[in-house]
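Okay, so here's the structure we're looking at.
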Amino acid sequence: MGTMSPDAIRPVRYVPPPGVTGEIELTSLARMRVRGGPREFIAPQRLDFDLLIRVESGGTVHTVDFTGYPLEPGDLIWVRAGQVQQWGAIDDIEGPVFLFTPSAIDTGTWELIRSAGAVTPNHWAAATVAGTPVAAALDAAQATAATPAPSTADVRDAALARALAAALLLLVMAEPEAGSHRPPMHQVFVWFRDELEANFRTRHKVADYAARLGYSTRTLNRLARENTGLSAKQLIDERVVLEAKRLLAHGPDSVARIADQLGFDDPSNFSKYFQHRTGTTPAAFRGRFRPRTESPERHPKLGGSLTLPAPKRQRPLPRSLGMGRGGRDAASYIGDILAERE
């Protein structure tokens, strides 16, 4: 069994526990802490599912892609599949949590969400959602998820998917920018953004995306500026740099290896590209996130080297979030984690 650097981005897949049907699960922060155990709240994580947290009490800071969001009672935070998250003091907050795969929500809902704005936020303060139907929609989704339906699970799961989809749409509507008079996002720009997310590692030129979509570079640049204020090339660079930052801050790979992963044929070209767009070198950026003052200690259950966190260090979610209502004890859950790592 290999070991993993405590700073590495840990992939987290959705594994529903026994008794949970469909691809949407309602759990709680308290249950996640019990099932995960304290050692599972250390490294940053990249989810392959979406995470929607409704804070009911307490406070902490939750970090998503280098932005720290202070959480207070009434706040909502939505971490989407593919983003890198890191927890603060998970012991200090309580509230319900929805875990759901991207395919759990219908395509039409996702299209509406994507066309509503260039960037869907991760965090909604309590004041933002106050006076909106968001709370009622989430109450309905929670009540639906908690409804026993052994003989009609399919019907209950379908109702839950619709209730959660409604809550997500209402969240997007609650964002202040959604109420502006900006015209709906052009479909071609939505296609460009989807292509960019799928191919940013290998395609760095606007012309490549224009040829793929069958539109001119001028059209892509015009639509990009209309919807974001940035050119298409700036959006491409922004996405490449974000991934580079993720890998440099949290990954164990060398700068040369990261350059190769992001489609650069030479590490020096990548370094120049990164420095030109961020004002710092890849090595200097990595150094900001790698102060090593702690000493390694072997974990009695997980094995391998584990660096003890400094006080107040941020701690993320468990590796596998199959945390349903009929859960097992934490030791059994740790055993599942060991099996996944082998």
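The values are calculated or read from the model by the stated rules, or taken from the named source; none is laboratory data. Since we're looking at a predicted model, the values are computed, not measured. Positions of Cβ are backbone-derived with ideal geometry, glycine not excepted, and every protein chain shown enters the neighbour counts. To get the accessible areas, we keep the full protein, side chains included, count just its heavy atoms, and leave off ligands, DNA and RNA. Shrake-Rupley method; radii C 1.70, N 1.55, O 1.52, S 1.80 Å.
Among the residues of segment 43-60, how many are closer than 18 Å to residue 25 by Cβ and of a type in the set (Lys, Arg)?
The qualifying residues number 1.
Looking only at helices (runs of 4 or more DSSP H) that fall completely inside segment 216-298, which ones have 2 or more residues that are open to solvent by less than 60 Å² (accessible area, probe 1.4 Å) and touching a Phe, Trp or Tyr at 6+ places or on another chain (Cβ under 6 Å)?
217-228, 232-250
In segment 67-81, is there at least one residue being surrounded by fewer than 21 Cβ atoms within 10 Å (Cβ to Cβ), closer than 25 Å to residue 188 by Cα and at pLDDT 90 or above?
Yes, that holds for at least one residue.
Residue-by-condition table, conditions (1) under 30 Å from residue 170 (Cβ atoms); (2) of a type outside the set (D, E, K, R):
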{"site": "8", "(1), (2)": "no, yes"}
{"site": "15", "(1), (2)": "yes, yes"}
{"site": "22", "(1), (2)": "yes, yes"}
{"site": "26", "(1), (2)": "yes, yes"}
{"site": "34", "(1), (2)": "no, yes"}
{"site": "40", "(1), (2)": "no, no"}
{"site": "44", "(1), (2)": "yes, yes"}
{"site": "50", "(1), (2)": "yes, no"}
{"site": "56", "(1), (2)": "yes, no"}
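Has segment 90-100 got at least one residue that is at pLDDT 95 or above, surrounded by fewer than 18 Cβ atoms within 10 Å (Cβ to Cβ) and over 30 Å from residue 198 (Cβ atoms)?
Looking for residues that are at pLDDT 95 or above, surrounded by fewer than 18 Cβ atoms within 10 Å (Cβ to Cβ) and over 30 Å from residue 198 (Cβ atoms), one finds at least one in segment 90-100, hence yes.
Only one of 135, 149 is over 18 Å from the mean Cα position of the chain (by Cα) and in a helix (DSSP H, G or I); which?
135
Looking at residue 109, is it more than 19 Å from residue 81 (Cβ to Cβ), part of a helix (DSSP H, G or I) and of a type in the set (S, T, N, Q)?
Judged against the criteria, residue 109 is not a match.
Is at least one residue of segment 156-177 surrounded by 17 or more Cβ atoms within 10 Å (Cβ to Cβ), among the acidic types (Asp, Glu) and within 24 Å of residue 23 (Cα to Cα)?
So far as segment 156-177 goes, yes, one or more of its residues are surrounded by 17 or more Cβ atoms within 10 Å (Cβ to Cβ), among the acidic types (Asp, Glu) and within 24 Å of residue 23 (Cα to Cα).
List every residue pair whose Cβ atoms sit under 8 Å apart, with the two residues 6 or more apart in sequence or on different chains, where the first one lies in segment 31-48 and is modelled with pLDDT of 75 or more and among the basic types (Lys, Arg) and the second, anywhere, is in a helix (DSSP H, G or I) and open to solvent by less than 60 Å² (accessible area, probe 1.4 Å).
33/90; 35/330; 35/333; 46/246
How many residues, within segment 141-155, are in contact with a helix residue (DSSP H, G or I) (Cβ under 7 Å, 6 or more places away or on another chain), open to solvent by 50 Å² or more (accessible area, probe 1.4 Å) and farther than 19 Å from residue 18 by Cβ?
0
Working only within segment 12-33, note down all residues that are of a type in the set (S, T, N, Q) and either surrounded by fewer than 16 Cβ atoms within 10 Å (Cβ to Cβ) or over 19 Å from the mean Cα position of the chain (by Cα) (or both).
The one that is of a type in the set (S, T, N, Q) and either surrounded by fewer than 16 Cβ atoms within 10 Å (Cβ to Cβ) or over 19 Å from the mean Cα position of the chain (by Cα) (or both): 21.
Of the residues in segment 19-30, how many are outside any strand (DSSP E or B), in contact with a Gly (Cβ under 7 Å, 6 or more places away or on another chain) and modelled with pLDDT of 75 or more?
1
What's the number of the only condition in (1) open to solvent by less than 50 Å² (accessible area, probe 1.4 Å); (2) over 30 Å from residue 191 (Cα atoms); (3) without any contact (Cβ under 8 Å) to a residue 60 or more places away in the chain; (4) touching a Pro at 6+ places or on another chain (Cβ under 8 Å) that residue 56 fails to meet?
(1)
Could you grab the pairs with beta carbons closer than 8 Å, sequence gap of 6+ or different chains, first residue in segment 76-98 and in a helix (DSSP H, G or I), second one of a type in the set (Val, Ile, Thr) and modelled with pLDDT of 90 or more?
As it stands, the answer is 90/60; 92/60, since those pairs meet every condition given.
Please find, within segment 188-211, the residue that is nearest to residue 240 (Cα to Cα) out of those that are open to solvent by less than 70 Å² (accessible area, probe 1.4 Å) and β-branched (Val, Ile, Thr).
Checking each candidate, the answer is 206.
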